[in-house]
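The values are calculated or read from the model by the stated rules, or taken from the named source; none is laboratory data. Keep in mind that this is a model prediction, so the values were computed, not measured. Here Cβ is always computed from backbone atoms with ideal geometry, including for glycine, and neighbour counts include all displayed protein chains.
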Amino acid sequence: MAISVTCGHCRTRFSVSDKFAGQTGACPKCKKPLTVPKADAVKVHEPDAPTATSAGGQFPTKPLPKRDKPVSTGSLLLCLGLALGAFAAAAAVRFVWPANEIPAALLGSTAFLVAIPCVLIGYAMVRNRDLEPYMGRSLLLRGLICSVVYAGLWGAHAFLPPESTQEMWQWLFIGPIFFGIGALAALVSLELDWGPAVVHFSLYVLVTVALRWIAGFSPPL
């Protein structure tokens, strides 16, 4: 059996017969003295049984079971209460101001406040279940950033010339721009894929369009 030898001086690698094991000779390249290591018996160990823990400082060989936390009943009731409150407020606004006289500050703040629960609920619905979810302060901060972008898109819509949105076919060119920016915001802030990011932004659009309709606005065309 051949023994692999590496010269400690010139780093040349070569093989010698095991009959020279433990002997000292000269490197065939640099002629420096070197000692042939002794041939150790090769031991084949039976593989360890799969384990789900890392006891003994070893990595687990069995994947850990994935546990997805369900949405609590309290959270669902809170979301339902917020939704009912938002629709009730939109109905009340209809009797206080005509649609074209609602203060811009009220519209902007409402677009942002409505975006926050939409962003958080939408994230819980479409996030990748194979990844650890954002939670707590991190989720809130990312949700606020996404909400600012979503509300800002409604503000940008308000500055569009009316003649550019009067026909449905015009939205074939304008709509992809708005949905592209909204999906990009969800992709960057919440790390969603493109498909779920578009669905995430669509949820916000559907909710706000419904609220605007209840408040007396005409469809956003």
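Given the residues 105, 86, which is the only one that is closer than 12 Å to residue 208 by Cα and either assigned to a helix (DSSP H, G or I) or at pLDDT 70 or above (or both)?
Values: 105 fails: closer than 12 Å to residue 208 by Cα.
Within the list 105, 86, the selection yields 86.
The set of residues in region 131-155 being under 23 Å from residue 103 (Cα atoms) and modelled with pLDDT under 90 consists of 154, 155. When region 135-179 is filtered for residues that are within 17 Å of residue 200 (Cα to Cα), in contact (Cβ under 8 Å) with a residue 24 or more places away in the chain and not hydrophobic (A, V, I, L, M, F, W, C), the ones remaining, listed by number, are 142, 143, 147, 150. When the residues of region 108-157 are filtered to those that are in a helix (DSSP H, G or I) and among the charged types (D, E, K, R), the one that is nearest to residue 184 (Cα to Cα) is 142.
Kindly indicate whether residue 67 is modelled with pLDDT under 75, of a type in the set (D, E, K, R) and in a helix (DSSP H, G or I).
Details: modelled with pLDDT under 75: yes; of a type in the set (D, E, K, R): yes; in a helix (DSSP H, G or I): no.
No; evaluated as a whole, the condition is false for this residue.
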